[in-house]
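Here the structure is laid out as structure tokens; the discussion comes afterwards.
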Amino acid sequence: MTKLAGKVALVTGAGRGIGRAVAMKLASEGARVFVNDLDAAPMQDVMQAIGDAGGEAAGLAGSVTGEGFADELVGGALDALGGLDIIVNNAGYIWNSTIQNQTDEQIAAMLDVHAGAPIRILRAAQPHFRERFRAESAAGRRVVRKVVNISSMAAVYGMPAAVSYAAGKGAVVGMTNGLAREWGRLQVTVNSVAFGYIETRLTQRFGDTAHPTIEVEGRAHKVGFPEEQQEDLTRLIPLQRLGTAEDAANGVYLFCIPESDYITGQTLVVGGGLTTG
Ligand SMILES: NC(=O)c1ccc[n+]([C@@H]2O[C@H](COP(=O)([O-])OP(=O)(O)OC[C@H]3O[C@@H](n4cnc5c(N)ncnc54)[C@H](O)[C@@H]3O)[C@@H](O)[C@H]2O)c1
């Protein structure tokens, strides 16, 4: 099946976890994929994996929060792959603590990586989307382009010790709804996918060992759940398991295919039926 043949997709944070699975899924359906990640090595790895599977990928490493990076990213995709039809704003991470311990830097970082950077990327893509819409409508063709912004159940249902993360992910929903109305006339659908608990390095389980950390831009952040807590959590999920990165990617994929051409301004929760943060 190649439902996305002829399309070019841009996926941020595609070096690992959900973003990697999204890039692989879109490529497996025929899209040429422009990948991005903060870390160059895993980004090169996903490009290689797409190529090995018979697909085509190019990429640009760097932080989506970097000054001027949004323009570089969109320009890079257009230069390398000659178009842009799908944008998946996925890059993100957790920097959690109770509110009394949140620093100004932490608040700004969580709002910027999850909301500011996607807005700048979409702003950078607007001239291309407008120009393509004008050319296609003048030729009597309707071509629907797609934006999928990654949110979280933390935004929909709340999550303790994650106030800035949840605020950033909540802003994703507001931005999605606003842009869906603004870009409908350009035939661009804008939707968001809010994940529950998906198995990636952010949700890794740990036993008696020290709390695992990930490094993002030179700073270590605690991630994961103690085994017992993860077992309790799994019991609360109606489908009785955490999602895989592929489950998550399938949710994003639904908003990228022609069957969703008349769906915009929606938030899809992919959480195994869980209705609490
Ligand atoms: N895993 C979950 O349960 C879960 C739940 C809800 C939402 N999410 C969201 O899904 C998205 C993907 O998370 P994941 O679980 O796959 O995490 P992950 O850590 O496995 O992968 C995220 C990737 O994004 C990259 N990244 C982080 N900051 C970046 C930046 N500033 N610029 C470019 N790349 C950057 C990382 O290097 C990493 O490769 C994130 O936005 C996350 O908040 C995840």
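Some points to look at:
- In region 85-97, the residues that are closer than 18 Å to M43 by Cβ and either within 11 Å of the ligand (Cβ to nearest atom) or in a loop (DSSP other than H, G, I, E, B) (or both): V88, N89, N90, A91, G92, Y93
- You will find that of R32, R16, R123, the residue that is at pLDDT 95 or above, among the charged types (D, E, K, R) and under 15 Å from the mean Cα position of the chain (by Cα) is R16 and no other.
- Residues satisfying the stated conditions in region 38-57, i.e. surrounded by 14 or more Cβ atoms within 10 Å (Cβ to Cβ) and either within 17 Å of the chain's Cα centre (by Cα) or part of a helix (DSSP H, G or I) (or both): L38, D39, P42, M43, Q44, D45, V46, M47, A49, I50
- Check on E182, free of Cβ contacts under 8 Å to residues at least 40 places away in the same chain, surrounded by fewer than 19 Cβ atoms within 10 Å (Cβ to Cβ) and either assigned to a helix (DSSP H, G or I) or touching a strand residue (DSSP E or B) at 6+ places or on another chain (Cβ under 7 Å) (or both): yes
- Test result for R205, of a type in the set (K, R), closer than 27 Å to E227 by Cβ and touching a strand residue (DSSP E or B) at 6+ places or on another chain (Cβ under 6 Å): yes
- The residues on offer are L60, L73, and the sole one that is hydrophobic (A, V, I, L, M, F, W, C), out of contact with any Asp or Glu (no Cβ under 7 Å at 6 or more places or on another chain) and either crowded, with 17+ Cβ neighbours inside 10 Å or within 28 Å of I257 (Cβ to Cβ) (or both) is L73.
- Subset of region 84-124 [out of contact with any helix residue (DSSP H, G or I) (no Cβ under 8 Å at 6 or more places or on another chain) and under 19 Å from V144 (Cβ atoms)]: D85
Residue-by-condition table, conditions (1) β-branched (V, I, T); (2) at pLDDT 95 or above:
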site: R185; (1), (2): no, yes
site: V188; (1), (2): yes, yes
site: V193; (1), (2): yes, yes
site: I198; (1), (2): yes, yes
site: R201; (1), (2): no, yes
site: F206; (1), (2): no, no
site: T209; (1), (2): yes, no
site: E217; (1), (2): no, no
site: H221; (1), (2): no, yes
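- The residues in region 239-258 that are outside any loop (DSSP other than H, G, I, E, B) and over 18 Å from V88 (Cα atoms) can be counted, and the count is 1.
- Whenever a residue of region 102-116 is modelled with pLDDT of 95 or more, its partners that are within 16 Å of the ligand (Cβ to nearest atom) and among the charged types (D, E, K, R), lying with C-beta atoms within less than 8 angstrom and at least six residues away or across chains, give the pairs H114/K169.
- Among the residues of this structure, A135 counts as one that is more than 18 Å from A70 (Cα to Cα), more than 14 Å from the ligand (Cβ to nearest atom), of a type in the set (G, A, S) and at pLDDT 95 or above.
- Filter pass, G116 being assigned to a loop (DSSP other than H, G, I, E, B) and within 17 Å of the chain's Cα centre (by Cα): no
- Tally, over region 14-37, of residues that are more than 7 Å from the ligand (Cβ to nearest atom), surrounded by 24 or more Cβ atoms within 10 Å (Cβ to Cβ) and within 20 Å of Y197 (Cα to Cα): 5
- Pick from region 138-156, criterion surrounded by fewer than 23 Cβ atoms within 10 Å (Cβ to Cβ) and within 16 Å of the ligand (Cβ to nearest atom), ranking: nearest to the chain's Cα centre (by Cα): M153
- When V216, V193, V172, V223 are checked against the criterion of being in contact with a Pro (Cβ under 6 Å, 6 or more places away or on another chain) and within 11 Å of the ligand (Cβ to nearest atom), V223 stands alone in meeting it.
The values are calculated or read from the model by the stated rules, or taken from the named source; none is laboratory data. Note that this is a predicted model, so its numbers are computed, not measured. Positions of Cβ are generated from backbone atoms using ideal geometry, with glycine treated the same way; all protein chains shown enter the neighbour counts.
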